[in-house]
């Protein structure tokens, strides 16, 4: 409701400014703030300061005039408009009226008029997912959850979520080299090896983790063989790109099995995808050929004839001036090398032309490639087969807005894709291309030791430890999740030894996942995260378990509220809110003074979910939502300790206190769900 009231206030002030004597309608952004103290009101308008120079009046005088006109408008829900200081307008809500509206309905976001496509995770299918992948996946999944929020719980906004699979890249080639050259396996041998892994209940993504580290060292360990071994890698990579050979079949077999493992890992965190486009189909369907022709036609590419890029097809790099004289543009971005191979950026440009529906080509689709426990399915790309109706995806290749969750080291390639789109005249698409960047995840020395890594004294003194999968020093995502569940289970067992094992494990799993997701989201995207599992699992401070515990505490009030114990006759918080909204007692007196402020603070915080969602989407910063959840949990805990809800003797006050707990619980659950965090039944 805070979002709605803020919009109503903005509309009213804009309407006033359009009329004489102001006649102002060119204010692009109208600042609306929250006063520093709740007793000053819920909104503050500094507009008078912005208008002072234009109107040649003192800000306070302008504020007095505007406040009087706002009062005349009788904006629903507002009680007073007061001028403060040198020209602020403090706007106060009628707390009783506002609380009824907040209780009556959950506020959502308007239905969107465009289709956004969010791509995240995009792990190379060569080994197990690691801790760094988790930040990408959790950020992308949370953005998707926020953008899916619609007007109500049943009407959602449509979005597309995809996970790009580079199954023909150098990382997959390295695993194939390890299998075919280090282990001497052919296709039949790889099939037997995979069957043996399954019999021993060993995971292929874990097995490939080890052989990937081995082959990475093998390339360089013998200086006399270094060039020959690197040529083996290049030949293998070329075979993968060409397809139709035994090497590419091995890559297909192994990478597909690893993709299944990645999907299972991410499902443990509540992360799902709609579609998995693969590099192999991008190559086989000649996406690049179509893009190359289009880029030449639009004048974006030219072939360099001199300098270091002679013979290459290049385009002007984003942010540079290009050729300034008769010489070549040495800063130009190479798209096609002189030997005819296409760079990563070139293939990425072709792929994004497809995303925006500008390529004239489409993937085939294999439906139900992976089925989630909740019944949803994930599809994967394939070559179109008209006989089986696999003719492409009508909506995924027609995105209107694109969000790519890729770490900040990819800023330059992403900017070059934008520059290419803009150069081809696709200005709208370039403007709607968003690089959702983030910084890396490292470990605290304490966490690294807990995960089994031997650290030197020098390492122990460092603020953080970097991980490297290529060197074999990394944290597998599933190992981390398992360890966090084990740690949470110890705490749950100590608190609730009477519970059966399955129940305790379920609670511990929700706590662990909530702790992990929240820790990855609480920091702004441009912050390096030094992960520490003990800090993440703490029940105190800015953590997922702290917010979960606040929700559990709120729910416990209604578990203890016996049938007939109160005039509501129900222990269901939904019923409590419905009763409060439809049959409210006279609670105005209970909303006044210091005690009333402490109650109203919870209502005001609970009214901001839609406002915070809008802010988080607009800035593509899920940390704002995480911070809000923590603050709402704090507000509720303060309220809980201050007021004796179940023993309150005054019926009207008790109804208000119960409704306050119910609205906090409702909004905590909603907000946590958008962070991908479930609330356990007890903690």
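Helix 623-642: angle to the longest alpha-carbon principal axis of the chain, degrees 0 to 90, nearest 10?
40 degrees
Report the full-extension gain for the segment residue 227 to residue 459: residue separation times 0.36 nm, less the Cα-Cα distance, to one decimal in nm.
Roughly 80.1 nm would be gained on extension.
Can you give the convex hull volume of the alpha carbon atoms of the chain per residue, in Å³?
Hull volume over Cα atoms, normalised by residue count, gives 220 Å³.
Calculate, in nm to one decimal, what residue 341 and residue 14 gain on full extension: separation in residues at 0.36 nm each, minus their alpha carbon distance.
Net length gain for the segment: 112.1 nm.
Can you order the peptides 640-647, 236-243, 628-635, 171-178 by their average number of other Cβ atoms within 10 Å per residue, highest first?
The densest-packed peptide leads the list: 171-178, 628-635, 236-243, 640-647.
Using only Cα atoms, find the angle between the long axis of helix 573-582 and the longest principal axis of the chain, and express it within 0 to 90 degrees, rounded to the nearest 10.
Taking the Cα atoms of the chain, the angle to 573-582 is about 50 degrees.
Give the angle, between 0 and 90 degrees and rounded to the nearest 10, that separates the Cα long axis of helix 593-606 from the longest principal axis of the Cα atoms of the chain.
30 degrees
Can you give me the C-alpha center-to-center distance between region 512-561 and region 74-120, rounded to a whole angstrom?
27 Å
Take residue 408 and residue 105, extend 7 Å from each Cα along the Cα→Cβ direction, and tell me the distance between the two endpoints in nm.
Rounded to a tenth, the inter-label distance reads 4.1 nm.
What is the distance in Å between the Cα centres of region 172-247 and region 1-36?
What the calculation gives is 63 Å, centre to centre.
Would you mind getting me the FRET efficiency between residue 646 and residue 31? Use the beta-carbon distance for r and R0 = 35 Å, nearest 0.05.
For R0 = 35 Å, the calculated efficiency reads 0.25.
In which sequence would 130, 181 go, from the one with the fewest C-beta neighbours within 10 Å to the one with the most?
Sorted ascending by nearby Cβ count, the order is 181, 130.
For Cα pairs less than 8 Å apart in space and 6+ apart in sequence, what is the mean separation divided by the residue count of region 538-674, i.e. the relative contact order in percent?
Dividing the mean separation by the residue count of region 538-674 yields 36 percent.
State the extension gain, in nm to one decimal, for the chain segment bounded by residue 242 and residue 38, taking 0.36 nm per residue of separation less the distance between their alpha-carbons.
Contour length minus the Cα-Cα distance gives 66.8 nm.
Computed from the coordinates by the stated procedures, all read-outs in this text should not be read as laboratory data. Just so we're clear, the structure is a prediction, and the values are computed from it rather than from any experiment. Here Cβ is always computed from backbone atoms with ideal geometry, including for glycine, and neighbour counts include all displayed protein chains.
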